[in-house]
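Please read the structure below before turning to the comments.
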Amino acid sequence: MSRHKQSRQSNRSRNNPQYVAMLRKVFPVIALIVVLVSALAAVVSDWFVAIPADRQAKFVGRTTCIECHQDQHADWEGSYHDKAMDLATDETVLGDFDDAEFTHFDIKSKMFRRDGKFWINTEGPTGTLQDFEVKYVFGVDPLQQYMVELEPPTPGSESGAIGRTQVLRISWDTQAGKWFYLPPPDVAEKLAPEDPLHWTGAAQNWNHMCADCHSTNLQKNHDLASNTFHTTFSEINVSCESCHGPGSIHVELANQKSLFWDRNHGYGLKKLKGADNVAQVESCGACHSRRQVVCSKQQLRDSYYDQFNNELIMPNVYHCDGQVLDENYVYGSFLQSKMFHKGIRCTDCHDPHSTKVKFEGNKLCTDCHTHPSGKFDTPGHHFHEVGSTGASCVECHMPETTYMEVDPRRDHSIRVPRPDLSVNLGTPNACTKCHLDRANISDEKRAKLPRYDQWIIAARNGDEEVQAALKEVDQWAAEAVTKWYGQDLGAHQDHFAYALSAAWEGDPESQILLDRLARNANSPGIVRASALVQLGQFATPEMVKTSLRLISDPDPQIRIAAIGNLDGAQYETGRVQDSLLARLDDDIRAVRIEAARVLVGTDPQVFALREKQAAFDNAYQELADSIMRNSDLASSHHSLGLLHERAGDLEAAEKAYRNAIRVQKNVTGPRANLAQILETKNRREEGQMRQLVLQRNRAAAEKMTPKLASRAVEIQRLRQEELENLARDVKLLPTSAPLQYRYGLALYLAAGGLRPEDRAEAYRQALAAIEEAVELEPGSPDYLMALALLGQKMERWEEADRAIDQLLEINPNAPGVREIAQQIKARQQPESQPPGGMPGRVSPTSRTPGHTP
């Protein structure tokens with residue numbers, strides 16, 4: 001067909017009405033498809049165009065947040081988080097600074113104003129009365145504390161940096177409207193200015209102890225070279241980004257004209273909501289927990305155990321049934337609760353911005369516990385008059401303990417009162433707390449113990465009158481509970497308290513209970529981990545098998561405990577090594593660094609053969625970095641020294657111990673370890689000197705003499721200073737078994753430098769201190785071994801026999817026990833070295849409260 005003919009036919013088609021009508025119908029469809037495809041392409045493009053996953057968010061401040069979140073800011077304003085810390089001004093200072101005076105012990109302090117500023121005249125670090133400017137206030141209710149910058153920031157610091165700042169112990173009771181003295185827990189006597197618990201000491205240092213949780217984006221910035229601070233924050237109080245994380249990415253995304261948030265960063269904030277309650281509870285737990293920091297710097301996506309390792313149920317913090325004893329800041333208690341394991345979040349009870357509870361009275365509980373006919377909020381459940389204290393849900397299930405003298409805080413384990421446990425194990429219970437009026441006790445004693453928690457402490461410290469009075473009321477309460485609820489709970493000893501109590505007392509029979517508890521997947525993770533740690537005191541094949549079984553448990557607390565138990569395990573060493581190496585690649589930092597700690601000193605060929613050298617190096621660096629995050633603390637340098645010693649690097653260990661002494665002059669521990677290293681060096685060089693003499697190179701040998709003599713003098717000085725520090729600590733904390741043990745060790749080591757006529761008395765005092773440690777913790781293998789060896793050394797065979805018999809009963813297969821037993825039974829003297837149960841090096845401990853941000 002010709003081209004001309006084709007054209008005429010095409011023109012006729014276009015003029016065809018049917019053809020035109022078809023085009024009119026099809027064209028919109030085609031156009032719609034084109035539009036939809038273009039829109040879909042735009043949507044897909046919008047989804048895939050994302051902020052790089054490795055972008056780190058920055059802090060923008062709450063003024064940026066307010067632009068979109070005014071209602072939340074209004075709720076937050078005036079809250080406890082808002083008032084967590086502030087500058088000292090006429091508006092923020094609640095205490096009386098109008099020439100008010102306060103006398104405690106023999107120190108008369110005066111609070112006054114000068115030049116528009118707030119001042120206090122009180123005992124300073126030199127022991128004399130001095131004027132100190134109060135620069136900051138801390139908290140608002142029920143007490144307010146005051147802060148003094150004792151040293152300026154590190155020279156050359158950025159504007160706004162804060163130097164070494166201390167929190168005064170003289171505080172303002174905002175409820176009673178008066179000044180009071182806030183003593184350290186269980187320390188009633190006057191503190192010397194050089195004591196770390198004095199207001200000028202490490203325990204009251206804001207930069208380390210408090211700042212991390214009372215301000216936003218806190219950077220401690222300790223300069224080790226000058227031992228000074230230049231601490232900074234983006235906001236002085238607990239603001240939006242403390243909980244939601246740095247907001248720069250969120251703000252960037254909110255300002256974009258996009259259909260989506262970001263496929264890499266989501267909302268660009270810390271994830272607080274999800275399928276379960278863990279993310280939110282852990283976010284609150286970052287501050288509301290008693291924990292150890294395990295990261296050098298916190299990142300937005302870090303989980304709790306990438307940043308911290310929480311305190312387990314230990315006798316210095318909890319009662320054996322998990323009730324709070326010392327401050328645990330809620331998290332450790334809540335982890336035990338059925339509420340947590342049923343998915344309850346903090347914000348189910350607390351408004352996240354105002355921090356207030358959502359309802360007053362029993363409605364806080366019955367808003368969720370809406371059972372038929374008000375099952376719980378009736379006398380049929382609580383057996384008390386409606387509206388009375390006994391009818392209050394929280395009074396029975398969340399009893400208060402008073403901390404900081406005036407601050408009652410509720411136990412968040414939310415438990416059923418168990419007076420039967422009180423009868424059997426001496427734990428507190430809510431029933432007895434309310435019915436102390438039934439206690440048969442002298443008026444004089446009652447006047448000295450106005451609060452139930454004081455009764456409990458007195459009973460724990462051996463007050464027989466209080467013990468008897470509490471037992472009588474506990475028994476009455478237990479019988480009432482049995483009568484009301486028709487079940488004698490005390491007849492069924494299935495509560496984990498029995499296992500932990502037996503373990504704390506060193507009962508060998510507790511091993512079976514602990515093993516069963518650690519493997520019980522239905523028990524809270526914190527309980528299982530606590531049981532596993534206690535099981536670790538029994539170095540048995542069964543303990544190793546259980547730890548190996550649990551080293552891959554989903555709960556990081558349990559994995560960490562299992563790894564610690566395998567440190568130095570003598571059984572199934574191949575499986576132990578493989579299991580520890582596997583944990584070097586764990587997703588959680590706290591687990592990785594514990595594995596690295598235990599593997600320090602392992603033959604490098606082991607890492608090479610398993611292709612784990614890079615993983616170990618990474619975890620080891622994380623461990624060292626986490627330790628040095630607190631370079632202002634002697635305990636950190638002490639821990640680093642122990643790590644270097646374990647790795648065989650004595651020079652690095654010596655440097656770390658010297659830094660510890662420089663950072664905190666009065667701390668106990670590093671001097672003993674430093675003396676041990678110097679003694680090792682001297683023995684090594686004395687051997688070299690003997691070789692030189694044998695080689696007839698007397699001149700070279702004589703050149704070594706002054707250095708050896710100088711070291712010997714330093715060793716003696718270090719041990720004497722350590723002894724003085726320990727004597728101070730033991731006097732202040734006589735019921736601390738670890739301190740008594742270390743005091744005994746120090747007395748023993750110092751005895752070597754005494755005259756022969758004085759040496760016997762030093763050994764006698766050392767034995768008495770070790771005996772006291774054993775009496776305080778009768779199940780400790782270390783203390784018993786020390787007692788056995790020291791008794792052997794002094795030919796005190798009765799003490800040695802008794803200690804070795806107890807050791808054999810606890811664990812007859814523990815390394816070295818049978819050998820020492822044979823020597824003692826044969827009445828053989830040990831070789832001239834420190835007792836094997838009394839290591840020359842000591843782990844870092846102090847009288848500083850356990851909460852370590």
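The values are calculated or read from the model by the stated rules, or taken from the named source; none is laboratory data. Here the structure is a predicted model, which means the values were calculated and not measured. Ideal geometry is used to build each Cβ from the backbone, glycine not excepted, and the neighbour counts take in all protein chains shown. Only protein heavy atoms, including side chains, enter the accessible area calculation; ligands, DNA and RNA are left aside. Shrake-Rupley method; radii C 1.70, N 1.55, O 1.52, S 1.80 Å.
Taking Lys271, is it among the basic types (Lys, Arg) and under 19 Å from the mean Cα position of the chain (by Cα)? No; evaluated as a whole, the condition is false for this residue. For Asp186, the stated conditions hold: it is touching a residue at least 24 places away in the same chain (Cβ under 8 Å) and in a loop (DSSP other than H, G, I, E, B). Restricting attention to region 743-750, does a residue exist that is open to solvent by 40 Å² or more (accessible area, probe 1.4 Å), touching a helix residue (DSSP H, G or I) at 6+ places or on another chain (Cβ under 8 Å) and either modelled with pLDDT under 90 or among the hydroxyl-bearing types (Ser, Thr, Tyr) (or both)? Yes, some residue in region 743-750 is open to solvent by 40 Å² or more (accessible area, probe 1.4 Å), touching a helix residue (DSSP H, G or I) at 6+ places or on another chain (Cβ under 8 Å) and either modelled with pLDDT under 90 or among the hydroxyl-bearing types (Ser, Thr, Tyr) (or both). When region 177-215 is filtered for residues that are surrounded by 18 or more Cβ atoms within 10 Å (Cβ to Cβ), under 18 Å from Thr668 (Cβ atoms) and of a type in the set (D, E, K, R), only Asp195 remains.
Give region 275-314 a look and list any residue that's of a type in the set (D, E, K, R) and closer than 18 Å to Asp625 by Cα, or say none. Selection gives Arg291, Lys297, Asp302, Asp306. Among what's in region 272-296 and is free of Cβ contacts under 8 Å to residues at least 12 places away in the same chain and open to solvent by 50 Å² or more (accessible area, probe 1.4 Å), pick the residue that is nearest to Asp212 (Cα to Cα). It comes out as Val278. Please give the helices (runs of 4 or more DSSP H) falling wholly within region 587-628 in which 2 or more residues are surrounded by 15 or more Cβ atoms within 10 Å (Cβ to Cβ) and of a type in the set (Phe, Trp, Tyr). Fully inside region 587-628 and qualifying: 613-628.
Residues of region 499-520 that are touching a helix residue (DSSP H, G or I) at 6+ places or on another chain (Cβ under 8 Å) and either more than 24 Å from Pro812 (Cα to Cα) or not in a helix (DSSP H, G or I) (or both): Gly506, Pro508, Glu509, Arg519, Asn520. Checked against the criterion of being part of a loop (DSSP other than H, G, I, E, B), acidic (Asp, Glu) and under 29 Å from Ala619 (Cα atoms), the candidates Asp302, Asp321, Asp306 yield just one match: Asp302.
Counting only residues that are in contact (Cβ under 8 Å) with a residue 12 or more places away in the chain, give me the helices (runs of 4 or more DSSP H) lying completely in region 397-472 with at least 3 of them. Can you show your working first?
Numbers: elements: 419-425, 430-434, 443-448, 452-460.
In region 397-472, 419-425, 430-434, 452-460 are the helices (runs of 4 or more DSSP H) which contain 3 or more residues that are in contact (Cβ under 8 Å) with a residue 12 or more places away in the chain.
The number of residues in region 139-183 being part of a loop (DSSP other than H, G, I, E, B) and in contact with a Phe, Trp or Tyr (Cβ under 6 Å, 6 or more places away or on another chain) comes to 4. When residues in region 550-576 are screened for being outside any loop (DSSP other than H, G, I, E, B), touching a helix residue (DSSP H, G or I) at 6+ places or on another chain (Cβ under 9 Å) and of a type outside the set (S, T, N, Q), 11 of them pass.
The single residue among Ser547, Ser530, Ser523, Ser579 that is open to solvent by 10 Å² or more (accessible area, probe 1.4 Å), among the hydroxyl-bearing types (Ser, Thr, Tyr) and assigned to a helix (DSSP H, G or I) turns out to be Ser579. Scanning region 545-590 for residues being modelled with pLDDT under 95 and touching a strand residue (DSSP E or B) at 6+ places or on another chain (Cβ under 7 Å) gives a total of 0. Filtering region 157-205 down to residues that are out of contact with any Lys or Arg (no Cβ under 8 Å at 6 or more places or on another chain) and polar (S, T, N, Q), which residue is nearest to Lys731 (Cα to Cα)? Residue satisfying both the conditions and the ranking: Thr200. With respect to Leu674, determine if the residue is touching a Phe, Trp or Tyr at 6+ places or on another chain (Cβ under 9 Å) and in a helix (DSSP H, G or I). Yes; evaluated as a whole, the condition is true for this residue.
Suppose the filter is within 26 Å of Asp494 (Cβ to Cβ) and open to solvent by 60 Å² or more (accessible area, probe 1.4 Å); does His397 pass it? Answer is no for this residue. Somewhere in region 244-266, is a residue of a type in the set (A, V, I, L, M, F, W, C), closer than 28 Å to Ser501 by Cα and crowded, with 22+ Cβ neighbours inside 10 Å? No, every residue in region 244-266 fails to be of a type in the set (A, V, I, L, M, F, W, C), closer than 28 Å to Ser501 by Cα and crowded, with 22+ Cβ neighbours inside 10 Å.
In region 767-776 there is no residue matching the filter, namely being touching a residue at least 40 places away in the same chain (Cβ under 8 Å) and touching a Lys or Arg at 6+ places or on another chain (Cβ under 6 Å). Number of residues in region 27-79 that are open to solvent by less than 80 Å² (accessible area, probe 1.4 Å), under 33 Å from the mean Cα position of the chain (by Cα) and not hydrophobic (A, V, I, L, M, F, W, C) equals 7.
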